[in-house]
Amino acid sequence: HWEDGQSFINTCSGCGYLQDGTIIVQYMSQFNDGRPLSPATDETHGCATYIVRSTDHGKTWSEPVNLDPWPYEKAGDIARIHQGPTGTLYIPIGLTLGAKVGKPLIPEQMDGCAALYSSEDSGKTWRRYGFMGPNVCEIDVLSLDDDRMIAAVRLQRKKQPFDHPDLVSPYYLDPEHH
């Protein structure tokens, strides 16, 4: 139940079609008290990622399964769901901290990480398979023939003195270029 002034947004962020015909959909729910969206400073902002599945071509859908972001507070990213050759499902998700009451995030806390979640029961349950590294986002994975995977991620961090000039933007998280 949402009271006047609250905002709630659901975004379909990924999907997959399994070998047995099951449709899997990942969606992100974002919510706050109605102010303009600013996840780094809005202590009322929340973000969660859910998975639903349909075994009847989308006529009915399962109850949503929440992907637990612990030790982070927020999970969400646009990602494809992949099925490996042994049937295991994989989905990469970005994880971030959230602002707390009276404690907005400082720039060093705004970088999250990525985690790979897996399901061995056609998407009914999910577990965190492992972390894919800090300061990354926009993750995609591709299952290889022997149940190995290759991942592509965008490294998102402030430029370091030892970086090649063409590797990263010097403007990330600078207030005048935010």
Kindly establish whether Ile24 is over 15 Å from Lys124 (Cα atoms) and either part of a strand (DSSP E or B) or in contact with a Cys (Cβ under 7 Å, 6 or more places away or on another chain) (or both). no
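Considering every residue within segment 98-109, establish whether at least one is under 19 Å from Met28 (Cα atoms) and part of a strand (DSSP E or B). Write out each step before concluding.
Going through segment 98-109, the residues under 19 Å from Met28 (Cα atoms) turn out to be 98-99.
Narrowing the set further to residues that are part of a strand (DSSP E or B) leaves none.
For segment 98-109, residues under 19 Å from Met28 (Cα atoms) and part of a strand (DSSP E or B): absent.
Can Ile9 be described as among the β-branched types (Val, Ile, Thr) and modelled with pLDDT under 85? Give the steps one after another, and end with the answer.
On the way: among the β-branched types (Val, Ile, Thr): yes; modelled with pLDDT under 85: yes.
Against the criterion (among the β-branched types (Val, Ile, Thr) and modelled with pLDDT under 85), Ile9 qualifies.
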Given the criterion at pLDDT 90 or above, farther than 18 Å from Ser119 by Cβ and either open to solvent by 30 Å² or more (accessible area, probe 1.4 Å) or in contact with a Pro (Cβ under 8 Å, 6 or more places away or on another chain) (or both), identify the matching residue among Thr44, Thr55, Thr60. Thr60
Please go through segment 27-41 and pick out each residue that is hydrophobic (A, V, I, L, M, F, W, C) and either open to solvent by 40 Å² or more (accessible area, probe 1.4 Å) or modelled with pLDDT under 80 (or both). Phe31, Leu37, Ala40
Condition set modelled with pLDDT of 80 or more and open to solvent by less than 50 Å² (accessible area, probe 1.4 Å), scope segment 97-120, selection farthest from Pro71 (Cα to Cα): answer is Ser119
Search result, residues across segment 63-96 that are buried (at least 19 other Cβ atoms within 10 Å of the Cβ), among the hydrophobic types (A, V, I, L, M, F, W, C) and in a loop (DSSP other than H, G, I, E, B): Leu67, Ala79, Ile81
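The values are calculated or read from the model by the stated rules, or taken from the named source; none is laboratory data. Given the structure is predicted, the values throughout are model-derived calculations rather than measurements. Cβ coordinates were reconstructed from backbone atoms using ideal geometry, including for glycine residues, and neighbour counts include every protein chain displayed. For the accessible areas, the whole protein counts, side chains as well, though only heavy atoms, and no ligand, DNA or RNA atoms are used. Shrake-Rupley method; radii C 1.70, N 1.55, O 1.52, S 1.80 Å.
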